[in-house]
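A.B. asks: Handing you a structure now.
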Amino acid sequence: MIQGQTQKSNTVVYPTRHRAVQLFIGVLILVGAMAIVHYVPMPAEGASRDDLQIQVHELTAQIEQLRQEQSMPALVLNRYRNSIGYIYGVYHVGFGNQRPVIRARVSGTGFLVGDFLVATNRHIAEPWYGDSEAEKLILRGATPIVETLVIFFPGWSTPVRLSHPSVSKSSDLAVLRAEDPEVLHRLPALPLAKIPASAGQFIDVIGYPMAIAGMIARSPAGIHRRLAYRPYDNDVATELAARSLIRPFSTCGHLSDVIDGRLIYDAPTAHGGSGGPVFNSNGEVIGINSAYVDGFSGGSIGVSIESLRGLLHDRRDQVGFTGE
């Protein structure tokens, strides 16, 4: 996750504590309106019974929408969490046979979008993307190399290798091939929304904010004490996977704006959440989590699913993609 541009547990964080209260108040209003329709005589002039019935129908629709939004995060986690994995990698940037100038880890989120294909951010598939220091070295002739890039799916004790990235030239998106058919054949691809996202929608973001540190923080006390001060490397991630502690985290909010293929929303996120799916209230993916504005909880940024569709179309032409 780039700042400023950027379970089996049903961990869900809501941006407000009042959603349940809103639903309860809506039900009370609906019951009151229905009582008026059935028991209060209508005056000859003014509001008619038909007007009140229209209002009842509108309230019913609004309450149903609230119910759907309340239940959606848990339904999405139960249905798709095993298809949303934690990505871990190591890369370096250097010259020839010299010691690398930059050698670093990368963490993020990826999710299945079709047979053997995982969607994520370009800055996860190519970690030097957007890194000014690395890009200056590359302009001077340095070579960037991904030493390892794997994804841990919940419920599986071993990581799956990722390879052959296809990256977008215009947005922070990438599609990679996962190299373990046995795992992938058992996991569903996430559904992509057919209708573009619009401002005001309720959304749910799933991923691995704070990466390994976040998963350790939510581990049983004994495991937390043993792993908290170890290097957050592939060995620790593998141990978490072996103990079924690779579990995605869900945060909810609202889509405040859609600008040039970017989604702006208030669902909080952090480093490690890059590449996670952004769901609408129908449980469909409308975007890919990409960045956040440091110090402003309402400034999370995603890339519209329309940009991913274009990348998948290109991938289909190149390698015979058979998914959606």
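The values are calculated or read from the model by the stated rules, or taken from the named source; none is laboratory data. Because the structure is a prediction, the values reported are computed rather than measured. A quick note on method: Cβ atoms are made from the backbone with ideal geometry, for glycine too, and the neighbour counts reach across all protein chains shown. These area figures cover heavy atoms from the full protein model, side chains too; ligands, DNA and RNA do not enter into them. Shrake-Rupley method; radii C 1.70, N 1.55, O 1.52, S 1.80 Å.
A.B. asks: Roughly what % of Cα-Cα distances in the stretch 100-220 sit above 19 Å, to the whole percent?
C.D. replies: More than 19 Å apart: 57 percent of the Cα pairs in the stretch 100-220.
A.B. asks: Ranked by accessible surface with a 1.4 Å probe, highest first, in what order do I195, I305 come?
C.D. replies: I195, I305
A.B. asks: Gain in length, R67 to R218, computed as 0.36 nm per residue apart minus the alpha-carbon separation, to one decimal in nm?
C.D. replies: 51.5 nm
A.B. asks: Label points 7 Å out from Cα along the Cβ direction at D233 and S163: separation in nm?
C.D. replies: Rounded to a tenth, the inter-label distance reads 2.4 nm.
A.B. asks: First measure r as the distance between the Cβ atoms of D257 and A104, then evaluate 1/(1 + (r/R0)^6) with R0 = 30 Å and state the FRET efficiency to the nearest 0.05.
C.D. replies: Result of the calculation: an efficiency of 0.40.
A.B. asks: Going by Cα centres, the stretch 51-92 and the stretch 113-127 are how many Å apart?
C.D. replies: Taking the Cα centre of each part, the stretch 51-92 and the stretch 113-127 sit 24 Å apart.
A.B. asks: Moving on. Enter the mean projected area of the convex hull around the alpha-carbon atoms of the stretch 229-276, in nm², rounded to one decimal.
C.D. replies: 4.8 nm²
A.B. asks: Something else: I'd like the accessible area for D260: 1.4 Å probe, protein heavy atoms, all chains in place, Å² to the nearest 10.
C.D. replies: Ignoring ligands and nucleic acids, D260 comes out at about 150 Å².
A.B. asks: Amide H neighbours of S256 under 5 Å, counting only residues 5+ apart in sequence or on other chains, H built in-plane at 1.01 Å?
C.D. replies: G200, I264, Y265, D266
A.B. asks: Just to make sure I understand: if all protein chains stay in place, what is the order of Y292, Y129, Y86 by accessible area at 1.4 Å, largest first?
C.D. replies: Final ranking, largest accessible area leading: Y129, Y292, Y86.
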